[in-house]
Structure formats: structure tokens, C-alpha cells
Amino acid sequence: MRRRRRYRSGVESLEPRTLLTLPAGTHGYEVLPNVIRADGIETFRVEVDVNRAVNGVTLDITAASFYLLKPTDLTLHDDGLNGDRVAGDRIYTSGEYRYDTSRTFPSNYLFDPDSPSGIFTAGIGRVLIEETNGTVTEFLDAPEVGLLRSD
């Protein structure tokens, strides 16, 4: 049973659920946090839940957004170090990404003047998973991060 949490405002809410286990044979990814300020200070990482033994996980940044400063090491790690939270949990973690402040922030979302200003999304690159049999799998879509103009 999930416990209720009461806030100062008097509003009650259920405690958040813990992450569910992925179905067998599937992989998943998450961008944490999934939105950052475009100030060059805030960072994010990519976590990939491979859900089984694999040879490794890497990022292919050839199609990544030029709005981002990428980590120098494109190999994701499951060793409990450098941002990886738990060693051996089959969740591989990237190095830190941040906004490249030498780039001009786009004026409108997707460069559309009818779209809101101050927000944008940036592609991170393709996630490549090397399976134990040597084949490489990837997701149908590549992860993205939301960007908020810092002013």
C-alpha cells in the first residue's frame, strides 16, 4: 500500500511509485533532468536501463545538437563512479552534457515564429547497445533534452 503525504498547504498526495521493472528483452533510457537552463552551468546525463547483460553502451553523437557540450567519454558506465548511481545494476550512465553558451539560443521553438520563445529541444545522439552476441541495437528515437533560455 502506498502512503499518503501531507503538504503544508493541506493537500494530500500519494508518494511516488518506484520505477517498474522493464519487460524482459527490452531496454529503456531516461534523460536526467530532462530540462536544463541554457546557462552553461546546469548539466544532465543519460541513463540507459539495458535490463540484461550486455557488452557495453555508447553514444553516437554524429547527429547530436551543436547546442550542447558533449562529454569527452562517449562510453556509458555501470561502475558506480562518475555519476553512475549504483554499480552493476544494469543502468549505464553517460558523462555530463551542458548547454554551449557560445551558441545563440534559438528565437522560437523549432525556429517557428508562431511558437513560443525561450524553449527549445536538443538531440543528444544515438544510444548504441552492444549485445553479448556482438550485435548492436538502438532505440527507434534518440533522446533529447529540453532547454530553457536563461534570462
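Scanning the range 83-95 for residues that are surrounded by 15 or more Cβ atoms within 10 Å (Cβ to Cβ) and either over 21 Å from GLU47 (Cα atoms) or of a type in the set (D, E, K, R) (or both) yields ASP84, ARG90. Criterion first (out of contact with any Phe, Trp or Tyr (no Cβ under 7 Å at 6 or more places or on another chain), free of Cβ contacts under 8 Å to residues at least 12 places away in the same chain and closer than 17 Å to ASP39 by Cα) does SER117 satisfy it? For SER117, the condition - out of contact with any Phe, Trp or Tyr (no Cβ under 7 Å at 6 or more places or on another chain), free of Cβ contacts under 8 Å to residues at least 12 places away in the same chain and closer than 17 Å to ASP39 by Cα - is not met. Is at least one residue of the range 108-128 closer than 30 Å to ARG52 by Cβ and out of contact with any Asp or Glu (no Cβ under 9 Å at 6 or more places or on another chain)? No: zero hits. Based on this model, can you work out whether SER65 counts as crowded, with 20+ Cβ neighbours inside 10 Å and of a type in the set (Gly, Ala, Ser)? Criteria met by SER65.
Matching residues to (1) surrounded by fewer than 11 Cβ atoms within 10 Å (Cβ to Cβ); (2) modelled with pLDDT under 95; (3) not acidic (Asp, Glu):
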residue: MET1; (1), (2), (3): yes, yes, yes
residue: LEU19; (1), (2), (3): yes, yes, yes
residue: PRO23; (1), (2), (3): yes, yes, yes
residue: ILE41; (1), (2), (3): no, no, yes
residue: VAL46; (1), (2), (3): no, no, yes
residue: ASP60; (1), (2), (3): no, yes, no
residue: HIS77; (1), (2), (3): no, no, yes
residue: LEU81; (1), (2), (3): yes, yes, yes
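Considering the range 42-122, the qualifying strands (runs of 3 or more DSSP E), each wholly inside and each with 1 or more residues that are over 28 Å from GLY134 (Cβ atoms), run over 43-49, 97-99. Inspect the range 107-124 for any residue being buried (at least 19 other Cβ atoms within 10 Å of the Cβ), of a type outside the set (A, V, I, L, M, F, W, C) and either within 24 Å of GLY40 (Cβ to Cβ) or modelled with pLDDT of 95 or more (or both) and give the result as yes or no. No, the conditions are met nowhere in the range 107-124.
The values are calculated or read from the model by the stated rules, or taken from the named source; none is laboratory data. Keep in mind the model is a prediction, meaning the values are calculated, not measured. Note that we place each Cβ from the backbone using ideal geometry, even for glycine, and neighbour counts take in every protein chain shown.
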